[in-house]
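Structure first, commentary second.
Here, each number is a calculation from the coordinates, and none is a lab measurement. Keep in mind it's a predicted model, so treat the numbers as computed, not measured. Neighbour counts are summed over all protein chains in view; Cβ atoms, including those assigned to glycine, are modelled from backbone coordinates with ideal geometry.
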Amino acid sequence: MSDIPSDLKYVASHEWIRDEGDGVVTIGITDHAQDLLGDVVFIELPEAGAEFATGDDLGVVESVKAASDVYAPLSGEIIAINGDLEDAPELVNSDPYGDGWFVQLRLSDTTELDDLLDADGYAELCEAES
Amino acid sequence: MSELNRTPLYNLHLELGGKMVPFAGFEMPVQYPLGVKKEHIHTREHAGLFDVSHMGQVKLTGANAAAELEKLVPVDIIDLPVGKQRYALFTNDDGGIMDDLMVTNAGDYLYVVVNAACKAQDIAHMQANLGEGVELEVLDDRALVALQGPEAAQALSRICPAVNEMVFMDSRQVTIDGVECFVSRSGYTGEDGYEISIPAAEAERLCRLFIAQPEVECIGLGARDSLRLESGLCLYGHDLDQTTTPIEGSLIWAISKCRRADGERAGGFPGADKIFDQIANKNYSRKRIGLIAQGKAPIREGAELQNADGVKIGEVTSGSFGPTVGVPIAMGYVATEYAVLETEVYALVRGKQLPMTVAKTPFIEQRYFRG
């Protein structure tokens, strides 16, 4: 059973969202997602300042096995990216909710936060997929 | 979709937590809980056990078996010594590669191992073309496993001391814990190791004995693929196919001297004229090469290769991150003018040109035990 922290929000495409307040969120991929991908060897992230709408391709995670898209779970502007992932992509496997975070987004519409799954909802979704 | 086959080790894979995927008509473990990268590194540092029972094992019997098989491959089979194995290729009338295979002179018969995906085709091809007096028996009552890595000999010889006496490409009948097995000192990882053909009914029991050795972990198809790619070994259906000749595929080394145009048994295999013409006149337009990415993004099979002007010059046929070399590596085909070491080419990935360097293969040093 994968780790699904109760203080985070989720989307069906296996990204997690931490509400940092003031319309800023931190985004990464879930423990379940990193487990499915296997050993991550490369991550392509957008540049700070780039703008995304919900569902846009935000980046790509490559494992030894395959490439997988990462989607923007919310609309907004990138205000920070995790530069550590360039030299240490394995952080996504070892600490998906901590040092393996991907980007921070300034939301263009904070009401979108209401559409996200909570931990129970995400756990049910993972269960249904397996 | 037709029902998938299972190898005699299917239950063991499940018990060990193997993640099963369809592969060449079989349900095979792509990885175990260790994961592809650690399985790969474990094999390079210690020893890994691979289930390759999906491959086709065939026995050819008859006084003319070697001479008849020679008519289908550009390889010296007649003079293959007893107890020796050799890499071979089935060619078609256009000189294209139908499959790659291993042939062993087992004394009373030839032992042939073909790829799982080509098994039915290869058996039909042999049955149709091997002349009278050659009997073909499919050994589908046997499992085949590979024990690979620098500690494979230490692990296997603890159970079966006789395997210590073998060198690379030696084959012999041995008894392992009371079971008659056919063992060759070879494999497809670039490491020292063995392939062991075991009666199906005893396969699980012997494999439990192998994995009980402290050096040994079970390894899935994922790591098998990255190991063979680092070792510069082709995967049929990806790096080689019916439209690719051994020359284009950079496998000229696999054509035995005595079967070449100036050899004592020159030609006499399908497509010989085309292949000899390519050797003599270099009139082919593409060639298989190794590639190392200059950046960190893996370059996958199917990626288009371009020159600096954005003109298509070829395609990647295998590509992955190489866990031992620590960089993304690939094999592919380029127009011959680009098939020069150190040439910079570009892979088109998600709309971007990523620079790669044409590199020699294998990407790692092969560590076969040659005595």
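Return the Rg/Rh value of region B:224-276, two decimal places, where both radii are evaluated on C-alpha atoms and Rh is the Kirkwood radius.
On the way: Rg = 13.2 Å, Rh = 12.4 Å.
My calculation puts Rg/Rh at 1.06.
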Open item on the list: When a/c reaches 1.5 or more, the comparison of a/b and b/c decides; with that in mind, is chain A rounded, prolate or oblate per its Cα gyration tensor?
Closed with: oblate
TODO: Starting from the Cα of B:Asp108, step 7 Å along the direction of its Cβ; do the same at A:Ser13; then give the gap between the two resulting points in nm.
DONE: 6.3
Task: Partner chain coverage, peptide B:34-42 - average Cβ within 10 angstrom - done: 3
Open item on the list: Going by Cα centres, region A:61-84 and region B:58-117 are how many Å apart?
Closed with: 49
Task: Cα gyration tensor shape for chain B, rounded if a/c is under 1.5, else prolate or oblate - done: oblate
Task: B:Ala212-B:Gln154 pseudo-label distance in nm [points 7 Å out on the Cα-to-Cβ vector] - done: 2.0
Task: Estimated FRET transfer efficiency when R0 is 41 angstrom, pair A:Glu124-B:Ala200 (beta carbons, to 0.05) - done: 0.45
Task: Under 28 Å from the Cα of B:Lys257 - lysines, other chains or at least 8 residues apart - done: B:Lys59, B:Lys71, B:Lys84, B:Lys119, B:Lys274, B:Lys282, B:Lys287, B:Lys360
- [ ] Would you work out which of B:Tyr333, B:Thr317, B:Gln353 lies farthest towards the positive end of the dipole of region B:285-371, given +1 charges on the beta-carbon of Lys and Arg and -1 on that of Asp and Glu, about the Cα centre?
- [x] B:Thr317
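FRET efficiency for B:Val167 and A:Arg106, Cβ-Cβ distance as r, R0 = 60 Å, nearest 0.05?
Working: r = 65 Å, r/R0 = 1.09.
For R0 = 60 Å, the calculated efficiency reads 0.40.
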Task: Cβ neighbours within 10 Å from other chains - mean over A:40-49 - done: 3
- [ ] May I ask you to derive the FRET efficiency for A:Asp114 and B:Glu342 from their Cβ-Cβ distance with R0 = 41 Å, giving the value to the nearest 0.05?
- [x] 0.15
Task: Rg and Dmax [Cα atoms of the protein assembly as shown; Å; Rg one decimal, Dmax integer] - done: 25.4, 84
Task: Ordering of B:163-172, B:192-201 by packing [mean C-beta count within 10 Å, highest first] - done: B:192-201, B:163-172
Task: For region B:202-351: rounded, prolate or oblate by the Cα gyration tensor [a/c cutoff 1.5] - done: oblate
Open item on the list: For peptide A:62-72, what's the mean number of Cβ atoms from other chains within 10 Å of each residue's Cβ?
Closed with: 5
Task: Backbone N under 18 Å from the A:Asp3 label point (7 Å along Cα→Cβ), restricted to region A:24-58 - done: A:26-40
Open item on the list: Less than 16 Å apart at the alpha-carbon level, and either on another chain or at least 8 residues along: which lysines does that give for B:Lys38?
Closed with: A:Lys65, B:Lys19
Open item on the list: Give the separation of the Cα centroids, region A:104-120 to region B:234-302, in Å.
Closed with: 55
Task: Proxy reagent accessibility, fewest Cβ within 10 Å first, across B:Trp253, A:Trp101 - done: B:Trp253, A:Trp101
- [ ] Report the residue, chosen from B:Gly351, B:Gly290, B:Gly48, that carries the largest GNM mean-square fluctuation when chain B is represented by alpha-carbon nodes joined by springs under 10 Å.
- [x] B:Gly351
